[in-house]
Amino acid sequence: MTVSVIVITYNRASTLDRALRSILGQTFTDLDVIVVDDGSTDGTQGLLQGISDSRVRTLRHERNRGITVARNTGLDAIRGEWFTFVDSDDEIVPEAIGVLMGILDTVDPSLTEIECNCVDAATGKYTGEGLDHDQILDEATIVGKMKHDHWGIIKTSLLEGERFNEFLPGFEDVLWTKVRRRARSYYVHKALKIVHRGSGDRESIREWDPEESARIYRHLLDEKAWLENHERYRSGEFSRFSFWGMVYTLAADDRKSAEAYHVLFGRAQNSRSLSALAKGTWLGGPAAARGTIVAASALRSVRGAIRKRKSPGKAS
């Protein structure tokens, strides 16, 4: 069986070589490596042109189109029966894919998703939290217990032609929610991916303003499976999410979407302070909602400045 490995990159020539060497150096060799260059302007293309391994295919966007579009470009190019993503600033240990594929032989050949943990390159600590032993995964465990960075492989057929919602940048888990509802999943308590933090440029860059945030919240209302999972297994996140959905759509004067989020917020387990703020914002209408956004933005700026002052730096 072939495993397609998708690597999205944007101006990461300095780390891409390390990522690709870790992939091409796998003990499991039946690989289809798809590199999507999302409009890089550094030396990425020169690096890719120097790769002679026939397992590597390169796809290039002429301009930076964002991580979600780039991921879909990679998914459209899959040839393997299984697939995975590896960030262009990270790496996987030599036996990573072999260990995961080997679970089909040692545990259950009917598995269609196999997850593992990751290790932080700087601290040596596991990045994923919530699990401490090998186990079959159900929806409650995946959504309610697994936190932070995990990694794994997925059987391609589970996609059923679906792709990441390009109206929802940063919400890749919307697709994973749908896929996992069809999957038979297993977790291996090993760190098979090495995560490097703070490498500079991200895979792709896409900025948005409050109006785009309102559009994102509007599209999220159509993702019923994602909403159901968060309401059922992540009550705290669901409360904050539905609050900000109400605020941003109300600020954009989208009354229909704001009402939908107001209803969702009413079903959530909310703190008294957040409930009071939501009530005042709702009664105050679009102007109050815009004021809440401005106040929250100012608070984030102050907190950021405080953290910056507390962090060690070079003496002037």
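The values are calculated or read from the model by the stated rules, or taken from the named source; none is laboratory data. Bear in mind the structure is a predicted one, so any value in this text is a computation, not a measurement. Every residue, glycine among them, receives a Cβ derived from its backbone with ideal geometry; neighbour counts consider all protein chains shown.
Scanning region 255-281 for residues that are hydrophobic (A, V, I, L, M, F, W, C) and either farther than 20 Å from G236 by Cα or not assigned by TED's automatic domain parsing to the domain that holds H230 (or both) returns no hits.
Considering (1) closer than 19 Å to I194 by Cα; (2) without any contact (Cβ under 8 Å) to a residue 60 or more places away in the chain; (3) within 20 Å of the chain's Cα centre (by Cα), the lone condition that T73 does not fulfil carries the number (1). Within region 158-185, the set of residues being farther than 27 Å from R218 by Cα and in a loop (DSSP other than H, G, I, E, B) comprises A183, R184. L48 passes every criterion in (1) surrounded by fewer than 18 Cβ atoms within 10 Å (Cβ to Cβ); (2) free of Cβ contacts under 8 Å to residues at least 40 places away in the same chain; (3) of a type outside the set (F, W, Y) apart from (1). Regarding region 122-139, can at least one residue be identified that is polar (S, T, N, Q) and in contact with a helix residue (DSSP H, G or I) (Cβ under 7 Å, 6 or more places away or on another chain)? Checking region 122-139: not a single residue is polar (S, T, N, Q) and in contact with a helix residue (DSSP H, G or I) (Cβ under 7 Å, 6 or more places away or on another chain). Looking only at residues in region 82-119 that are under 22 Å from the mean Cα position of the chain (by Cα) and acidic (D, E), the one that is farthest from N11 (Cα to Cα) is E113. For region 217-254, name all the residues that are touching a residue at least 24 places away in the same chain (Cβ under 8 Å) and not in a helix (DSSP H, G or I). If the condition is that a residue be touching a residue at least 24 places away in the same chain (Cβ under 8 Å) and not in a helix (DSSP H, G or I), then L221, E223, R234, A252, D253, D254 are the ones that fit.
Scanning region 120-157 for residues that are assigned to a loop (DSSP other than H, G, I, E, B) and either under 24 Å from R18 (Cβ atoms) or over 20 Å from the mean Cα position of the chain (by Cα) (or both) returns A121, A122, T123, G124, K125, T127, G128, D132, H133, D134, H148, D149. For region 2-16, filtering for residues that are more than 17 Å from W82 (Cα to Cα) and surrounded by fewer than 22 Cβ atoms within 10 Å (Cβ to Cβ) leaves 3.
In region 166-177, is there at least one residue being closer than 16 Å to V86 by Cα, surrounded by 14 or more Cβ atoms within 10 Å (Cβ to Cβ), modelled with pLDDT of 95 or more and touching a Cys at 6+ places or on another chain (Cβ under 7 Å)? Checked region 166-177: no residue is closer than 16 Å to V86 by Cα, surrounded by 14 or more Cβ atoms within 10 Å (Cβ to Cβ), modelled with pLDDT of 95 or more and touching a Cys at 6+ places or on another chain (Cβ under 7 Å). Tallying residues that are touching a strand residue (DSSP E or B) at 6+ places or on another chain (Cβ under 6 Å), among the polar types (S, T, N, Q) and not in a loop (DSSP other than H, G, I, E, B) within region 103-119 yields 1. Among residues that are within 30 Å of A295 (Cβ to Cβ) and outside the structural domain of D87 (by TED's automatic domain parsing), H148 is not included. Restricting attention to region 255-273, the residues that are surrounded by fewer than 20 Cβ atoms within 10 Å (Cβ to Cβ), among the hydroxyl-bearing types (S, T, Y) and either touching a residue at least 40 places away in the same chain (Cβ under 8 Å) or part of a loop (DSSP other than H, G, I, E, B) (or both) total 1.
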